[in-house]
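The values are calculated or read from the model by the stated rules, or taken from the named source; none is laboratory data. Being a predicted model, the structure only gives us computed values, none of them experimental. In this analysis, Cβ positions are derived from the backbone assuming ideal geometry, glycine residues included, and neighbour counts consider all displayed protein chains.
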Amino acid sequence: QKKAHSSFIEQLAKLRADYDASGGSVTVILGANKMVINWLINHISKMDKKIGEFVRSKN
C-alpha cells in the first residue's frame, strides 16, 4: 500500500508541474480530476478491501 501511495504522490507532483507549465489549462485540470477519481476508486475497491478482508480474518 505504501507503494501505491508513493506512486500517487509522484503522479500528483507531475500533475503540479504540468499545471504550472501550462498556466492551469483546462486539459491539465481535467486530467488531474480523472487521475484522482480513478485512483480513489481503485484504491478503495481493491486495496482497502484487501485490508478489510485481512482484518476480518484475524478476528
Odd one out for GLU10 among (1) modelled with pLDDT of 90 or more; (2) outside any helix (DSSP H, G or I):
(2)
Out of (1) over 16 Å from the mean Cα position of the chain (by Cα); (2) in contact (Cβ under 8 Å) with a residue 12 or more places away in the chain, the one VAL55 does not meet is (2)
Which one of these is in a helix (DSSP H, G or I), at pLDDT 90 or above and among the acidic types (Asp, Glu): ASP48, ASP20?
ASP20
Tell me, yes or no, whether region 25-34 has at least one residue that is part of a loop (DSSP other than H, G, I, E, B) and surrounded by 10 or more Cβ atoms within 10 Å (Cβ to Cβ).
yes
Hey, can you tell me all the residues within region 35-55 that are surrounded by fewer than 12 Cβ atoms within 10 Å (Cβ to Cβ) and either aromatic (Phe, Trp, Tyr) or farther than 21 Å from ALA4 by Cβ (or both)?
PHE54
Out of region 14-24, which residues are loosely packed, with under 11 Cβ neighbours inside 10 Å and either at negative phi or under 17 Å from the mean Cα position of the chain (by Cα) (or both)?
ASP20, ALA21
